[in-house]
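Asker: Below you will find the structure I want to go over with you.
The values are calculated or read from the model by the stated rules, or taken from the named source; none is laboratory data. These numbers come from a predicted model, not from an experiment. Ideal geometry is used to build each Cβ from the backbone, glycine not excepted, and the neighbour counts take in all protein chains shown.
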Amino acid sequence: MSFKRFDAEDLVVSAEAVSAPLWTNEVITLTQFYTSSTQVGVSSTGDYYMQVYQIDPTGSNSEVQFAIAYCDKEGSGSNPYNTAVIGNSPSRTNYGQYRSLVLGDEDSDFLFGNHAAEYFYAINISRNRYKESLLPGTLTLKVGNLVLTDDSNMVTTVSYNDAGRVYQLISGSLGTAYSGTGYTVASGSYGMFLPDVGLILLNGKALDEPSPEGISLSTDRSATVTNNYDNSQLLYNEIVNGASFRLNSQETVSSQFVFVRARNGEFNYSVNPSNITGSGDLRHSIMVNSPETYVTTVGMYNDNNDLLAVAKLSSPLKKNFTKEALIRIKLDF
């Protein structure tokens, strides 16, 4: 075993963005959607959100892909907690939750484009589906006959709020509008795309517009409804009918490259004790002037001689006085 101290130029740190399909088993486009009969209409959580799976949730390989929630500033569209206090309901709780997360201000209103929105739908991507963030420009969501994407490929300056980067939802695909700005005339954009928190907000008023701008979703903003999940079910049904939800995840992978340089005069003699005679001479005389070794492993040590990492070569590397070697080691973290 031979040692050599790394020089400053032998250590390089780099970072690169890596994207991958978002859905389970690295499926690029989700085309089938399922809900659980043990959650929707049964569990109290169904009053607030609806979990969506990629296969029948009774199956062993089913996983939650995203959740749908209806949010209303006035608390409409869901039954109140107390019939004596109209408006204090799950939809209002949802609105306040997302207002705190996205806007960070209880007195602010959601603006979709330049239109204030009193109600919207939230599609919350399951946290274990993405590692760091969602990748702008890869969203294509079909809601009924309406195809939506973010405007990341059309903006020159990115907007930020308490949830990080903010893009507007528009009519188009893969980050570009089909025509113009992709907004509706009367209701502004179709919502917001918030990649850093895995969140898509859909402008309910825009979806309620008749075709071709909307899908006539007919959001129920009554003070009381038959079921608290009725509005979420409306959006879910249109996503099922659209049968196309494409989105990628993204993460920044930091890597440290270590360059191990073995010059022609280095690492040519073996330190294996079996090569040394009892008198301290090399056992084979040919090894005196024409030694050869085979590099198989590189170990990295600290100043206390503690082994920190080991790199194995794919095949032994022949080394002698006529050869120099440069071994590049990549450490991801």
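Asker: Checking the conditions here, which among TYR95, TYR34, TYR49 is in contact (Cβ under 8 Å) with a residue 24 or more places away in the chain, in contact with a Pro (Cβ under 7 Å, 6 or more places away or on another chain) and surrounded by 15 or more Cβ atoms within 10 Å (Cβ to Cβ)?
Answerer: Exactly one of TYR95, TYR34, TYR49 is in contact (Cβ under 8 Å) with a residue 24 or more places away in the chain, in contact with a Pro (Cβ under 7 Å, 6 or more places away or on another chain) and surrounded by 15 or more Cβ atoms within 10 Å (Cβ to Cβ), namely TYR34.
Asker: From GLY182, GLY191, which residue is over 30 Å from ASN228 (Cα atoms) and touching a residue at least 12 places away in the same chain (Cβ under 8 Å)?
Answerer: GLY182
Asker: Could we say that LEU201 is within 19 Å of the chain's Cα centre (by Cα), crowded, with 16+ Cβ neighbours inside 10 Å, within 19 Å of ILE68 (Cα to Cα) and at pLDDT 95 or above here?
Answerer: yes
Asker: Which one of these does ALA17 not meet: (1) assigned to a strand (DSSP E or B); (2) free of Cβ contacts under 8 Å to residues at least 40 places away in the same chain; (3) exposed (fewer than 14 other Cβ atoms within 10 Å of the Cβ)?
Answerer: All conditions are met except number (2).
Asker: How many residues does region 197-216 hold that are in contact with a Phe, Trp or Tyr (Cβ under 9 Å, 6 or more places away or on another chain) and either among the aliphatic types (A, V, I, L, M) or within 30 Å of GLU251 (Cβ to Cβ) (or both)?
Answerer: Residues in region 197-216 being in contact with a Phe, Trp or Tyr (Cβ under 9 Å, 6 or more places away or on another chain) and either among the aliphatic types (A, V, I, L, M) or within 30 Å of GLU251 (Cβ to Cβ) (or both): 8 in total.
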